[in-house]
Amino acid sequence: MILLGIDLLQKNDLSGLKNKAIGLVTNFSFVDSDLKWGIDILFANGLNVKKIFTPEHGLGGAADGAHVSDTLHPKYGVPIVSLYGDRRKPVKADLEGLDMLVYDIQDVGLRFYTYIYTLAYTMEAAADYGLQYMVLDRPNPLGRGVFGSRIENDLQTFVGGYELPLQYGLTTGELAQYFKKLKRLDLDLRIARLEGWRGEMHDNTSLFWNVPSPNVPTYESLLGYAGTCFFESTNVSEGRGTFKPFLVLGAPWIDGADLTEYLRKEFPDLRVRSRDYMPFYRKYANANCSGVEFFPNTEDNYFVITLKMMDYLLKYEQFDILDRSDDLIGIKESAQKIRTQSLDHKAWKESGMEFIDFVEDCLLYPGELKYRD
């Protein structure tokens with residue numbers, strides 16, 4: 001049985017949080033193993049939560065990319081400060097009167113997920129202004145797998161930075177320790193640890209799927225998202241606005257049957273079918289798209305599958321990389337490398353192995369970090 005950080009904190013009578021003025025960094029995923037909302041738990045136990053900071057999607061799950069404004073909590077009346085609105089990092093005025101920041105948000109184990117940068121930015125703010133910082137830990141749903149090269153500092157954005165590989169294999173608490181080490185933060189960092197987690201992927205645990213954001217509604221959607229998210233920065237529908245986000249891909253100009261045949265030849269064990277579908281919002285809303293539907297398992301590497309699909313789509317004149325200043329994972333150069341089919345997988349692995357060596361002393365739990373070939 002796996003106990004979450006919030007579970008063990010309650011078993012220890014919320015030790016370390018009493019008599020503290022707390023700024024809580026959290027969202028809708030902050031629940032214990034009995035599905036009790038963490039905010040209610042803290043207030044019910046008389047803790048002094050003075051402010052709540054929220055990441056992308058806000059406290060309740062706003063649509064992806066939506067600007068979220070500051071407000072007041074409807075039940076407890078404390079200020080809710082959006083870190084996905086006018087600012088991404090708390091300023092001095094936001095932290096006045098606080099002793100500690102407490103972080104509990106379910107993330108997905110991938111570099112291009114914005115929650116982990118809210119973790120990094122709030123840690124930096126706590127270090128700047130002398131606050132303690134506590135992470136209530138949660139398992140990494142993708143387990144201990146590592147993939148991809150570390151992103152370069154000059155390519156850092158809010159969806160890619162801190163020298164992380166594409167998939168990093170750390171829990172939230174371990175990732176916090178990595179940020180502290182990487183940035184040499186002078187920070188009193190405390191981790192409310194997990195109990196019983198040994199590096200398993202989500203499907204090998206008894207934990208419920210704690211939906212991290214609106215477009216990752218199932219564990220299978222996360223397995224696909226791990227690679228098909230690359231298509232967010234192209235003119236191919238990645239399934240947002242459909243019944244299976246990140247598990248259907250297509251466009252009006254794609255031959256879905258031909259793409260399916262290509263993928264089956266490249267990946268004989270891949271479970272994929274030809275699929276026509278019509279998004280109800282986002283790209284190609286209300287237009288018929290021809291493409292593919294995936295049925296992933298944990299053995300599939302959707303990073304590699306996606307790169308093969310990119311290669312295939314180069315034959316279409318219509319296929320294009322969208323010109324966006326915040327391109328997913330922050331590396332427009334990768335799009336050009338994909339176009340010329342010059343990605344250096346050996347260099348990726350060498351960089352990923354360098355990351356594994358660097359984080360060795362950040363690990364808190366069993367399970368060896370392994371690079372995914």
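The values are calculated or read from the model by the stated rules, or taken from the named source; none is laboratory data. In this text, all values refer to a predicted model and were calculated from it rather than measured experimentally. Positions of Cβ are backbone-derived with ideal geometry, glycine not excepted, and every protein chain shown enters the neighbour counts. Accessible surface is based on the protein model in full, side chains and every heavy atom, while ligands, DNA and RNA are left aside. Shrake-Rupley method; radii C 1.70, N 1.55, O 1.52, S 1.80 Å.
Numbers below:
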item	result
Highest average packing first - 83-96, 282-295, Cβ atoms within 10 Å	282-295, 83-96
Value at 222 nm in deg cm²/dmol, rounded to 500, when DSSP H runs of n ≥ 4 in the chain each add -39,500 (n - 2.57)	-8000 deg cm²/dmol
Sparse-neighbour loop sites [trypsin sites (Lys or Arg not before Pro); segment 236-273; at most 13 other C-beta within 10 Å; DSSP]	Arg271
Gap separating the Cα centres of segment 1-52 and segment 66-138, nearest whole Å	15 Å
Estimated distance in nm for a label pair at Asn45 and Asp357, the labels positioned 7 Å out from Cα along Cα-to-Cβ	4.2 nm
Proximal aspartates and glutamates relative to Lys75, as straight alpha-carbon distance under 20 Å, when same-chain residues fewer than 8 apart are discounted	Asp32, Asp40, Asp104
Contact order normalised by residue count of segment 194-325, Cα under 8 Å, 6+ apart, percent	25 percent
Restricting segment 198-269 to GluC sites (Glu not before Pro) in coil, as DSSP defines it, with at most 10 other Cβ within 10 Å	none
Residue order for Met201, Met353, Met1 - accessible surface, 1.4 angstrom probe, largest first	Met1, Met353, Met201
Options (i) 23.9, 69; (ii) 20.9, 68; (iii) 20.8, 64 - which one matches Rg and Dmax of the Cα atoms in Å as calculated here	(iii)
Ranked packing of 33-46, 151-164, 241-254, most packed first, by mean Cβ within 10 Å	241-254, 151-164, 33-46
